[in-house]
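The structure under discussion appears below in the form of structure tokens.
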Amino acid sequence: MCGINGIVTSDYSLQKKIEKLNVLLKHRGPDDEGFVAINRNSGKFAQYSGNDSIGSVKHNYPHISLLADTGFDLLLAHRRLSIIDLSENGHGPMCSQNGRYWITFNGEIYNYLELREELTALGHSFRTLSDTEVILKAYEQWGYGCLNRFNGMWAFAIWDNSKKILFLARDRFGIKPLYYTKTDDMFAFSSEIKPLASLYPERPLINKNKIPFYLIYGNRLNSEETYLENISSLPSSHYLILSENKLEVQRYYDIEKQGSGSLSESELQDKIIHLLTDSIRLRFRSDVPVGTCLSGGFDSSSIVSLSSGIKKGGLNTFSAVWKEKECDESYYIDIVNSKYGCIEHKTYPAEEHFESVFRKLCYFQEIPTEGPGLYPQWFVMQKAGENVKVLLDGQGGDEVFGGYFQMGAYLRGILKDRRLIKLLGESGNFVQFLNKNGIHSFAGWLFPRQYGYLTRSRLSAKFDIVNKQLLSEMPKQSLYFDIEPVKKFGNYLGDLSYHFIRNITIPALLHYEDRSSMAHSIESRVPFLDFRLVELGVNLNSRYLSHKGVTRPLYRRALRPYLPSEVVNRKDKLGFPTPFSNWTKTSLKPFINDNLLEKNSRLHDFIDSATLQKNLYGHFNNSKDYSWEIWRLLSLKFFIDLFSGSESF
């Protein structure tokens, strides 16, 4: 895991900024840094060191501040978090043995040992034990096709001196970030947004078209568009080619429909266990200590359980626990830690740290965020950073195996799949769902498109917070997110799983995970997003994803022999709750008022101030719970301040 930067330009004043860009990514790679300057026409290059380079690099190469205006027009930079091959051989940027290729790489290729063996059989030799060199050899052997041979997470740039192209690529599901910007005289890329923003004489404008959608729905980070104008995100499953000044973006992978109907339920359960175990085994490949998050829920407990058969000795687990019992999951955390003999590390997020932590969180996230679950996540990563360098997490388990598909999704699936006999048999559940959840939830789940148009046309409470002038300037269609998935996998729940993975939850959750972990120089690995597991889960029959409102029934049955009964049978997972709502009405009230009601704040360019005051009044007087919206507005305010201010990052 690392941080990467690059600039293509003949402008020497821009080239000199590469040092600052790397400083801004120090948290992503505190162990080493390196630079290479290349003349794209001749292939001539010069390597440089930085303030944080290891001793041998400083000895061998001049400091980047000594970069001269001598005809270079491509600079690649690297920040290293040493995970595999801890020697100086893993230094980056790395050059291929034949001198044709340079790479700067962020991520891990978990199957690098198998690929190394295959490439060796094809006649390739290796100088290092790193997965970075495996990428170079794979590109040399298979070209762009190398991407579909990787099992891992990655964002990298390769300068191909023979083809005179810059080749950038991002992993299948966007676990690792990669941003870029282009002007008439510059192309630049980075692992984060701030380095690219710092290249401009004035800060890039905030993309105001994304703010109303965020306030209404939250984040949908499934496109090239970002919250800043002129800065783009390379989408997951895509690569980018820069040839001279021509830029081309292409998709190289998608989740496709596959046949699994020939496997019995027992065989499918065995396949789930086999693939998840193998995914965890691959993600334990590391030359530094590995731990795992443990929330007490199904997914993190599954990882701990299956890890116990892979890792010998006590597994380090990291958990956030609360003194507020309504939020605390210590009971389940303790059961799992005890059963598998784990070395537990608990952290206790408290309200007195909120203001300082929230400011840091907003700085590292670089976008407005959706809810207070990020607060305990910050503390878990902080605790992990004191003990390990690599952390496994359960992100993706819900999306892959139907964890969100309760009764509403189950009944919607029956309607969409037109299973008429099943529909008649479930008439009692339809009535029960309506009586229990009310007409809004009933209509929202069973007729989401129609319900969405209706609430939008009436400008529901969520729309009221948006600045009316801004709202009037927006195309109405841009304010509507279609919850309905494309038809692709033969059943509604499979299609919906794909929609969650590609569009709804996973892109944003992975962004939050990457930023929170890397802020503490932690490499976070997500076993459930091994592409083999994803392809299996999305292609399951709908009855295996939800049955009568029971979420992921097949996955539950598969893991039952491996988990404590208290965990596998629980139906009360709290969903990362926090006492934030209570805090907002007590110790945080001055902080909220000072920031949200500040008269000269640019926040009011995007929101309706009268509605905000009305909502805050209702919240503080306990007539409504506005705490999630308060988080979003605070986050938006700090995001605006970060990218609108004149101070350097």
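A few remarks follow.
- Scanning the stretch 528-549 for residues that are in a strand (DSSP E or B) and either in contact with a strand residue (DSSP E or B) (Cβ under 8 Å, 6 or more places away or on another chain) or crowded, with 22+ Cβ neighbours inside 10 Å (or both) gives a single hit, SER546.
- Taken together, ARG525, ARG552 contain a single residue that is among the charged types (D, E, K, R), within 24 Å of SER307 (Cβ to Cβ), crowded, with 19+ Cβ neighbours inside 10 Å and at pLDDT below 90, which is ARG552.
- Pair list, Cβ < 7 Å and 6+ apart or interchain, from the stretch 330-347 residues that are closer than 15 Å to TYR562 by Cα to residues that are at pLDDT 95 or above and in a strand (DSSP E or B): ASN337/THR317; ASN337/GLU344
- One residue stands out among those in the stretch 367-388 that are of a type in the set (D, E, K, R) and more than 18 Å from THR505 (Cα to Cα): the one that is most open to solvent (accessible area, probe 1.4 Å), which is GLU386.
- Any hit, the stretch 595-616, residues being of a type outside the set (S, T, N, Q) and at positive phi: no
- If you filter the stretch 606-632 down to residues that are part of a helix (DSSP H, G or I) and open to solvent by 80 Å² or more (accessible area, probe 1.4 Å), you find that the one that is nearest to GLY371 (Cα to Cα) is TRP628.
- In the stretch 325-332, the count of residues that are of a type outside the set (S, T, N, Q) and assigned to a helix (DSSP H, G or I) is one or more.
- Members of the stretch 192-211 found to be assigned to a loop (DSSP other than H, G, I, E, B) and crowded, with 24+ Cβ neighbours inside 10 Å, listed by number: GLU192
- Restricting the stretch 48-66 to residues that are open to solvent by less than 40 Å² (accessible area, probe 1.4 Å) and over 31 Å from the mean Cα position of the chain (by Cα), the residue that is nearest to LYS17 (Cα to Cα) is ILE64.
- Among residues of the stretch 9-34 that are crowded, with 20+ Cβ neighbours inside 10 Å, those with a Cβ under 7 angstrom from a residue that is part of a helix (DSSP H, G or I) and charged (D, E, K, R), sequence gap 6+ or separate chain, pair up as LEU24/LYS194.
- Residues that are closer than 26 Å to ALA350 by Cβ and without any contact (Cβ under 8 Å) to a residue 24 or more places away in the chain number at least 2 in the following helices (runs of 4 or more DSSP H) confined to the stretch 550-600: 589-596.
Results for (1) farther than 24 Å from TYR404 by Cβ; (2) in contact with a Gly (Cβ under 6 Å, 6 or more places away or on another chain); (3) open to solvent by less than 10 Å² (accessible area, probe 1.4 Å); (4) not charged (D, E, K, R), shown as yes or no for each residue.
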position: TYR214; (1), (2), (3), (4): no, no, yes, yes
position: ASN219; (1), (2), (3), (4): no, no, yes, yes
position: ASN222; (1), (2), (3), (4): no, no, no, yes
position: LEU234; (1), (2), (3), (4): yes, no, yes, yes
position: GLU248; (1), (2), (3), (4): yes, no, no, no
position: ARG251; (1), (2), (3), (4): yes, no, no, no
position: ASP287; (1), (2), (3), (4): yes, no, no, no
position: GLY291; (1), (2), (3), (4): yes, no, yes, yes
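The values are calculated or read from the model by the stated rules, or taken from the named source; none is laboratory data. Not measured: the values here are computed from a predicted model. As a convention, Cβ positions derive from the backbone with ideal geometry for all residues, glycine included, and neighbour counts pool all protein chains shown. Surface accessibility is based on the protein's heavy atoms, side chains included, excluding ligands, DNA and RNA. Shrake-Rupley method; radii C 1.70, N 1.55, O 1.52, S 1.80 Å.
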